[in-house]
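Step one of this worksheet: look at the structure below.
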Amino acid sequence: MNITKGGLVLFSANSNSSCTELSRRIAERLGVEMGKVQVYQEPNRETRVQIQESVRGKDVFIIQTVSKDVNTTIMELLIMVYACKTSCAKSIIGVIPYFPYSKQCKMRKRGSIVSKLLASMMCKAGLTHLITMDLHQKEIQGFFNIPVDNLRASPFLLQYIQEEIPDYRNAVIVAKSPASAKRAQSFAERLRLGIAVIHGEAQDAESDLVDGRHSPPTAKSVAAIHPSLEIPMLIPKEKPPITVVGDVGGRIAIIVDDIIDDVDSFLAAAETLKERGAYKIFVMATHGLLSSDAPRLIEESAIDEVVVTNTIPHEIQKLQCPKIKTVDISMILSEAIRRIHNGESMSYLFRNIGLDD
């Protein structure tokens, strides 16, 4: 049954068939057919997009899930957006559950803020609205000059905890580093559980030590310019031995984060929690990139289960590691599409979400 007004077209921008499963689920929930489009790679690796139906005066929703070839994924999206723009679409809404390059949202020495570049490219191509989920940093929304709806996957993960972990009342929510303590606190308060924070890990890649603010000249070069000028040096950080702030002995430990890609930090956290007496360890994240040897490492680790959503396709990883479980979030994406197309308020999808969530 079609639950939307007319004039909606739903496209999948992926040339990789394994990445179109989420698009099919959304279309089924909306009761619409997927739009007719061809996305493929030329022999010279150029991306070709052929839209095979009229989009003039229509609301076009382009769903793009990120494959392993992230740069091809981006080009597929940009070319399709531009094709819809030049075909006189009324509006072009990107549905990008996992926003690529989201970790590169801060200046790193002489690097660049790549997520800002990507936002500018999408807007320039013709995107008029963006639907995404659990941005790595909420401030990324400010890189766009179009509306951005940053949906949350936490209600689905919380529901999984309550329904699939029988003894979850004996659990404690764990932040594997102080940087993820705010997310852990949000989960703990909603489930009425305790919280634990692991402190003293190896230097985090997103710490201030690699921030661009440490890039200006050292004290020696400044002194050479002006001998009388003495700028106080910032004392370098030194992390203490690994400690767990909070009691995990005899409890179920649930580690929460937004992205699980390189699993080394999660494996180290799991080992630490086992040493402190946790008898079962779960890892929960919105985006399961699970790159390289992640499935094998998880299978051989002390982690009992890894729960991620289907913002990114990971069927191959699930075959390699039975510990990986999937939570479907197509429901909230389809509802967001329906509300935007029908001109309804989006506030219902953000109820009970505070400024710190």
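Structure above, values below:
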read-out: Flag for Leu77 being assigned by the TED database to the domain that holds Ala119 and touching a helix residue (DSSP H, G or I) at 6+ places or on another chain (Cβ under 6 Å); value: no
read-out: Within the range 266-293, tally of residues that are closer than 30 Å to Ser334 by Cβ and within 17 Å of the chain's Cα centre (by Cα); value: 9
read-out: In the range 53-108, the residues that are charged (D, E, K, R) and under 15 Å from the mean Cα position of the chain (by Cα); value: Lys68, Lys103
read-out: Count of residues meeting criterion [part of a loop (DSSP other than H, G, I, E, B), open to solvent by 60 Å² or more (accessible area, probe 1.4 Å) and touching a strand residue (DSSP E or B) at 6+ places or on another chain (Cβ under 6 Å)] in the range 252-282; value: 1
read-out: Lone qualifier among Ser102, Ser91, Ser112, Ser87 - being hydroxyl-bearing (Ser, Thr, Tyr), over 30 Å from Gly6 (Cα atoms) and open to solvent by 10 Å² or more (accessible area, probe 1.4 Å); value: Ser112
read-out: Extreme residue, modelled with the highest pLDDT, among residues of the range 12-22 that are closer than 19 Å to Lys318 by Cβ and hydroxyl-bearing (Ser, Thr, Tyr); value: Thr20
read-out: When residues of the range 131-170 are limited to those that are of a type in the set (A, V, I, L, M) and under 14 Å from Asp257 (Cα atoms), the one surrounded by the fewest Cβ atoms within 10 Å (Cβ to Cβ); value: Leu158
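The values are calculated or read from the model by the stated rules, or taken from the named source; none is laboratory data. Being a predicted model, the structure only gives us computed values, none of them experimental. Virtual Cβ from ideal backbone geometry, glycine too; neighbours counted across all protein chains shown. Keep in mind that these areas ignore ligands, DNA and RNA; they rest on the heavy atoms of the full protein, side chains included. Shrake-Rupley method; radii C 1.70, N 1.55, O 1.52, S 1.80 Å.
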